Amino acid sequence: MTASLPTRRLGRTGPETSALGLGCMGMSGMYGPADRAESIATIHAALDQGITLLDTGDFYGMGHNEMLIGEALKGRDRDAVILSVKTGALRDPDGAFNGYDSRPEALYNFVAYSLQRLGVDHIDIYRPARLDPAVPIEETIGALVRMVEKGWIRLIGLSEVGAETIRRAAAIAPIVDLQIEYSLISRGIEDDILPTCRELGVGVTAYGVLSRGLISGHWSKDRALGRDFRAMSPRFQGENLDRNLALVDALRGVAEGRGLTVAQAAIAWVAAQGDDIVPVIGARTRERLTEALGSLDAVLTPADLAALEAAAPKGSAAGSRYPEAQMKHMDSERG
């Protein structure tokens, strides 16, 4: 029997979804080796506990993640799940990223493969992973509108774009949500992007709420990384890591004083920033999933929220959230 969780509506035009979503990227090698059986068990546990939003990208593991989710959904009620898919990133067999392609003909190709790998006849929310500088956003959104008309996708989302791009996109078609990094130590959206989303009725699905595990309370300085995205992430390097783990220690003191783990406090803080925000948790195991779900029981008072923000003040994180080469593709980071 499926349990129920608190729900939130995604923007003015979107569906109700569970108050937490499950991000599946880490199940396909982005954070080092993953256990296939445990990954599927974690997806099943999430669905059984009432999570309805599953997030992926067609470039996670070069299609591996979509096939994994497709396998996990076999025998499940398709209509009980909201599938969110990012697209457009170009990769090679070595795993390197080679830019983005949001031309209409490319998007039609990408969605065809995604539908096949997922084993479904439609995708609930489809979004370009980044802004393609060679393609006007109006052209990209126009292609997504035609996909809606065809029934291939239901709703249109955006990812990691700035306020101006959000406005231009929303002038073409309703945008259900913006997927973007938001956490106690990544608060750049608060100045312009979040107010723009609220003005236009665009929901926010917040990824990186634990900053890729950095503020989970489980990270240690001597952890070996190997083939792991975090091996290239500035926040996990040298003195940056030392400074960031000091922030975690400060957060731990606040969290434990409220009967929470650091991860639970960090997730609850993001959820408390507005009912239009749905944190997407990147749990790769049932143990981490259970911990994250415990954040839904947290009741943070204004004093609690202030204490967490004082422990990790805005702008206090050391290092950018992506390597410099990838930051260049982040429309959300431009002036």
At Ala112 and Thr7, where each label point lies 7 Å from the Cα along Cα→Cβ, what is the point-to-point distance in nanometres? 3.6 nm
Quick one: among His122, His218, His44, which has the greatest mean-square fluctuation in a GNM of the chain with alpha-carbon springs under 10 angstrom? His218
Just the Cα atoms of region 86-199, one point each, no solvent: what log10 I(q)/I(0) does Debye give at q = 0.19, 0.20, 0.21 Å⁻¹? -1.03, -1.11, -1.19
Per residue, how much accessible area does region 255-313 have with a 1.4 Å probe, in Å²? 41 Å²
Around Ala45 (Cβ within 13 Å, Cβ-to-Cβ, excluding Ala45; K/R +1, D/E -1) the net charge comes to 0
Just subtract the alpha-carbon distance of Arg167 and His218 from 0.36 nm times their residue separation and send over the number in nm, one decimal. 14.5 nm
Given just the C-alpha atoms of region 132-218, how large is their convex hull per residue in cubic angstrom? 109 Å³
Magnitude of the Cβ-charge dipole (Lys and Arg +1, Asp and Glu -1) of the chain about the Cα centre, nearest 20 debye, reported as 200 debye
Evaluate Rg over Rh across region 176-250, taking Cα atoms for both radii and Kirkwood's formula for Rh. 1.06
Straight-line reach from Lys74: which lysines fall under 25 Å, measuring Cα to Cα and dropping same-chain residues less than 8 apart? Lys86, Lys150
Once you charge only the Cβ atoms, +1 for Lys and Arg and -1 for Asp and Glu, what is the size of the charge dipole of region 117-226 about its Cα centre, to the nearest 20 debye? 340 debye
Please give the FRET efficiency for Ala310 paired with Glu138, using the beta carbon to beta carbon distance and R0 = 35 Å, rounded to the nearest 0.05. 0.25
Given +1 on the Cβ of Lys and Arg, -1 on the Cβ of Asp and Glu, and no further charges, what dipole in debye does region 194-335 carry about its Cα centre, rounded to the nearest 20? 440 debye
Roll a 1.4 angstrom probe over the protein heavy atoms and tell me the percent of accessible area of the chain that is carbon or sulfur. 52 percent
With the 1.4 Å probe rolled over protein heavy atoms, region 50-197 has an accessible area per residue in Å² of 37 Å²
Using only the alpha-carbon atoms, how far is helix 36-48 inclined from the longest principal axis of the chain? Give it as 0 to 90 degrees, nearest 10. 90 degrees
For all pairs of alpha-carbon atoms in region 139-180, what percent lies in each bin of width 5 Å, listed from the first bin to the last filled one? 5, 25, 34, 23, 10, 2
Nearest 10, in degrees from 0 to 90: the angle of helix 137-150 to the longest Cα principal axis of the chain is 70 degrees
Among the Cα-Cα pairs of region 15-73, the proportion with separation greater than 19 Å, in percent, is 24 percent
Would you work out which of Phe229, Ser216, Ala250 lies farthest towards the positive end of the dipole of region 146-278, given +1 charges on the beta-carbon of Lys and Arg and -1 on that of Asp and Glu, about the Cα centre? Phe229
Going by alpha carbons, how many degrees (0 to 90, nearest 10) lie between the helix axis of 64-73 and the longest principal axis of the chain? 90 degrees
Given the alpha-carbon gyration tensor of region 1-121, what are the semi-axes of its equivalent ellipsoid in whole angstrom, ordered largest first, with each equal to the square root of 5 times an eigenvalue? 25, 18, 13
Hey, what's the per residue convex hull volume over the C-alpha atoms of the chain, in cubic angstrom? 126 Å³
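The values are calculated or read from the model by the stated rules, or taken from the named source; none is laboratory data. The structure presented is a predicted model; accordingly, all values stated were derived computationally and were not measured. Every residue, glycine among them, receives a Cβ derived from its backbone with ideal geometry; neighbour counts consider all protein chains shown. Ligands, DNA and RNA are excluded from the accessible area calculation, which covers all protein heavy atoms including side chains. Shrake-Rupley method; radii C 1.70, N 1.55, O 1.52, S 1.80 Å.
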